[in-house]
1. Step by step: first the residues of segment 94-133, then only those that are aliphatic (A, V, I, L, M) and out of contact with any helix residue (DSSP H, G or I) (no Cβ under 7 Å at 6 or more places or on another chain), then the one that is farthest from residue 40 (Cα to Cα). Which residue is that?
2. Could you please find all residues in segment 50-77 being part of a helix (DSSP H, G or I) and either in contact with an Asp or Glu (Cβ under 8 Å, 6 or more places away or on another chain) or charged (D, E, K, R) (or both)?
3. Can you report the number of residues in segment 102-137 which are touching a residue at least 24 places away in the same chain (Cβ under 8 Å), touching a strand residue (DSSP E or B) at 6+ places or on another chain (Cβ under 7 Å), of a type in the set (D, E, K, R) and not in a loop (DSSP other than H, G, I, E, B)?
4. Count, please, the residues in segment 75-84 that happen to be surrounded by 12 or more Cβ atoms within 10 Å (Cβ to Cβ) and out of contact with any Phe, Trp or Tyr (no Cβ under 9 Å at 6 or more places or on another chain).
5. Could we say that residue 66 is under 19 Å from residue 4 (Cα atoms) and either aromatic (Phe, Trp, Tyr) or touching a residue at least 12 places away in the same chain (Cβ under 8 Å) (or both) here?
6. Which residue out of 102, 64, 97 is of a type in the set (A, V, I, L, M, F, W, C), out of contact with any Gly (no Cβ under 8 Å at 6 or more places or on another chain) and surrounded by 14 or more Cβ atoms within 10 Å (Cβ to Cβ)?
7. Just give me the residues in segment 25-59 being buried (at least 20 other Cβ atoms within 10 Å of the Cβ) and in contact with a Pro (Cβ under 6 Å, 6 or more places away or on another chain), in sequence order.
8. Which condition number in (1) more than 21 Å from residue 98 (Cα to Cα); (2) modelled with pLDDT of 95 or more is the one that residue 3 fails?
Amino acid sequence: MGLRSFLHRITAPKMGRDSINGSVKLVCVVNQSLKMGKGKVAAQVGHASVEAFLRTGASHPAHVETWLAMGQKKICVKVPDETHFDALREAASAHGVPWHVVKDAGHTQIPAGSSTVLALGPFDADVLDSITGELKLL
């Protein structure tokens with residue numbers, strides 16, 4: 001059994017639960033003010049994706065089930081600095097979208113506690129587009 005299959009088996013709800021109509025995706029919003037290298041960005045987006053997947057599996061299991069079944073669509077967008085995270089979190093909370101902010105441990109390129117990536121979802125793509133649709137792709 002592969003890792004994805006294992007994670008899916010332990011986190012996904014049993015079939016037969018409420019299904020989500022429409023597309024589901026995960027959006028990772030990267031803080032550009034930190035000037036992270038490509039590898040650092042990739043690692044932080046990885047942290048954000050895994051944590052969002054695990055948390056959303058607990059809070060919105062039908063969204064995770066649909067997301068897994070549809071191929072785990074995810075996109076990365078960017079904001080100039082972490083102050084933009086506040087408005088995005090507020091909009092997400094208003095729409096019932098699960099979110100998670102990654103704070104760096106400070107072992108490599110950037111100071112400890114820096115907010116690097118905001119993960120939104122997995123959730124309804126239309127709702128996420130209404131929140132992040134104006135942001136530029138990474």
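The values are calculated or read from the model by the stated rules, or taken from the named source; none is laboratory data. Note that the structure is a prediction, hence the values are computed from the model and not measured. Heads up, the Cβs are rebuilt from the backbone with ideal geometry, glycines too, and the neighbour counts pull from every protein chain shown.
1. Narrowing segment 94-133 to residues aliphatic (A, V, I, L, M): 94, 97, 101-102, 105, 110, 112, 117-120, 125, 127-128, 131.
Applying the additional criterion that residues be out of contact with any helix residue (DSSP H, G or I) (no Cβ under 7 Å at 6 or more places or on another chain) yields 94, 105, 112, 125, 127-128.
On the way: 94: 31, 105: 12, 112: 14, 125: 26, 127: 28, 128: 25 Å.
Among them, the one singled out is 94.
2. As a first pass, look at segment 50-77 and keep what is part of a helix (DSSP H, G or I): 50-59, 61-69.
Answer for segment 50-77, where residues must be part of a helix (DSSP H, G or I) and either in contact with an Asp or Glu (Cβ under 8 Å, 6 or more places away or on another chain) or charged (D, E, K, R) (or both): 51, 55, 62, 63, 65.
3. Residues that pass the stated criteria total 2.
4. Initially, segment 75-84 is screened for residues surrounded by 12 or more Cβ atoms within 10 Å (Cβ to Cβ), giving 75-79, 82, 84.
Checking the rest, the ones that are also out of contact with any Phe, Trp or Tyr (no Cβ under 9 Å at 6 or more places or on another chain) come to 75-78, 82, 84.
Selection size over segment 75-84: 6.
5. On the way: under 19 Å from residue 4 (Cα atoms): yes; either aromatic (Phe, Trp, Tyr) or touching a residue at least 12 places away in the same chain (Cβ under 8 Å) (or both): yes.
Against the criterion (under 19 Å from residue 4 (Cα atoms) and either aromatic (Phe, Trp, Tyr) or touching a residue at least 12 places away in the same chain (Cβ under 8 Å) (or both)), residue 66 qualifies.
6. Details: 64 fails: out of contact with any Gly (no Cβ under 8 Å at 6 or more places or on another chain); 97 fails: out of contact with any Gly (no Cβ under 8 Å at 6 or more places or on another chain).
Only one candidate qualifies: 102.
7. Passing the criteria: 26, 56.
8. Of everything listed in (1) more than 21 Å from residue 98 (Cα to Cα); (2) modelled with pLDDT of 95 or more, residue 3 misses just condition (2).
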